[in-house]
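Encoded as structure tokens, the structure appears first; notes follow it.
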Amino acid sequence: MVRTSIVIPTYNGASTIRECLECIRGQSFADFEAIICDNASTDGTSEICAEVAAADQRFVHIRNDETIPVLDNFKKGLNLSRGRYFMWRADDDLTDEHHLRETVRALDGAPDARLAVSTVRRINTTTGREAVYPVPSPAGTDRLTRATATLLGCHPCWFYGLWRRDAVFDALTIVQSYPYLWAFDHLATMRAMANAQVAFAPNAVFVQRIMREGFYHLDPVERLAARKAYVALARGIIAESGYSAREKSALMRALEKHADKRVAPWFKTHKRALQMKVAKYFTRS
């Protein structure tokens, strides 16, 4: 059985998919399978994927007969995978050549960890702006300190880190009752973050390329609703944890700061939502 499964969901990604797949082929850690879930692409993506799969037996190209919902395509690859460890890879993202090796080492070295993540390098290909987001460095080694640092120092690309297989299925169960794509990635990693079960691979680099406009942005009223739903689910995870009452209270405070940063800032979004409602009122009048 392979150690690691990598699933690449793609749809009309011809401009980036070859580079993405070649990046995976070039990893210094070679014990993996790569499952390409081609969501009925029409732009030449399918031909590129088939070519790579024919050249490297570790790659499997599966093309849907028709386009299915994005999350269903992500799940399809997970259900087909066989590895003890698992990661998704967006068709326009890259890593350094040792990323898989380093994240495998991080999980191997932390038996209780659910997820291993690396430094993130974010590149906006339109503006040319770049930013680097290192993994957190907790000031202490106790569980609460590590969980707090993780909540406040997380990045949405952690969703594309290296998971233990059973933890992925649990993560998807958590987000089933969350009706938004906004902050979905953070919520999927919430149990790992809140329980200090994220392992860090600081010397590895995940390269996130922003190449197209997101389609899941929300207006202020919707973002407030998303924040409320997100915090309620996260509070439930913290409530089920083994922390003391004092520790849970401290982690709840960290959660509010996390939600302000990663979902919607409470005060500013309330203000914008009110302005939007007032503007709509006067427009109708």
Checklist outcome for this item: Between residue 206 and residues 5 or more places away or on another chain, the pairs with built amide H atoms under 5 Å apart involve 119, 120, 121
Checklist entry - For the chain, which whole-number percentage of the solvent-accessible area (1.4 Å probe, protein heavy atoms only) is attributable to carbon and sulfur atoms? => result 53 percent
Checklist outcome for this item: To the nearest 20 debye, the stretch 161-254 has a Cα-centred charge dipole, built from +1 on Lys and Arg Cβ and -1 on Asp and Glu Cβ, of 200 debye
Checklist entry - When the solvent-accessible surface of protein heavy atoms is calculated with a 1.4 angstrom probe, in what order do 143, 114 fall, highest first? => result 143, 114
Checklist outcome for this item: To the nearest Å², the heavy-atom accessible area per residue of the stretch 77-196 with 1.4 Å probe amounts to 41 Å²
Item to check | Area of residue 68 that stays accessible when all protein chains are in place (1.4 Å probe, Å², to 10) | outcome: 50 Å²
Checklist entry - Semi-axes of the equivalent ellipsoid of the stretch 36-193: what are they in whole Å, largest first, if each equals the square root of 5 times a C-alpha gyration tensor eigenvalue? => result 28, 18, 17
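What order, most packed first, do the peptides 239-249, 92-102, 45-55 have when packing is the mean number of other Cβ atoms within 10 Å of each residue? Don't skip to the end; give the middle numbers.
On the way: 239-249: 12.5, 92-102: 20.6, 45-55: 17.5.
Highest-to-lowest ranking by the protection proxy: 92-102, 45-55, 239-249.
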Checklist entry - So what is the relative contact order for the chain, in percent, with contacts set as C-alpha pairs under 8 Å and at least six apart? => result 19 percent
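Using DSSP H assignments, which helices in the chain have an axial alpha-carbon span of 18 Å or above and a mean Kyte-Doolittle hydropathy of -1.0 or higher? Each step should come with its number before you reach the end.
Numbers: long enough: 220-239 (28 Å, 0.58); 245-262 (25 Å, -1.28); 266-284 (27 Å, -0.83).
Once both thresholds are applied, what remains is 220-239, 266-284.
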Item to check | Cα→Cβ-extended label distance, 7 Å offset, between residue 62 and residue 211, nm | outcome: 2.3 nm
Item to check | Pairwise label distance in nanometres, residue 222 with residue 30, each label 7 Å out on the Cα-Cβ vector | outcome: 4.7 nm
Checklist entry - Can you tell me the Rg and the Dmax, both Å, for the Cα atoms in the chain? => result 19.7, 67
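Can you pull the percent of Cα pairs in the stretch 88-164 with separation above 15 Å?
On the way: 1825 of 2926 pairs.
Counting pairs separated by more than 15 Å, the tail of P(r) holds 62 percent.
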Item to check | residue 51-residue 271 pseudo-label distance in nm [points 7 Å out on the Cα-to-Cβ vector] | outcome: 5.3 nm
Checklist outcome for this item: Once all protein chains are kept in place, residue 255 shows an accessible area at probe 1.4 Å, nearest 10 Å², of 0 Å²
Next on the checklist: I'd like the accessible area for residue 15: 1.4 Å probe, protein heavy atoms, all chains in place, Å² to the nearest 10.
Outcome noted: 110 Å²
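Normalised radius of gyration for the stretch 105-217, please: alpha carbon Rg relative to 2.2 N^0.38 Å, two decimal places. Intermediate values should be presented prior to the final figure.
Working: Rg = 14.4 Å, N = 113, 2.2 N^0.38 = 13.3 Å.
Dividing the Cα Rg of the stretch 105-217 by 2.2 N^0.38 Å gives 1.09.
The values are calculated or read from the model by the stated rules, or taken from the named source; none is laboratory data. Source: prediction; values computed, not measured. Methodologically, a virtual Cβ is constructed for each residue, glycine included, from the backbone with ideal geometry; neighbour enumeration extends over all protein chains shown. Side chains included, ligands, DNA and RNA excluded: accessible areas come from the protein's heavy atoms. Shrake-Rupley method; radii C 1.70, N 1.55, O 1.52, S 1.80 Å.
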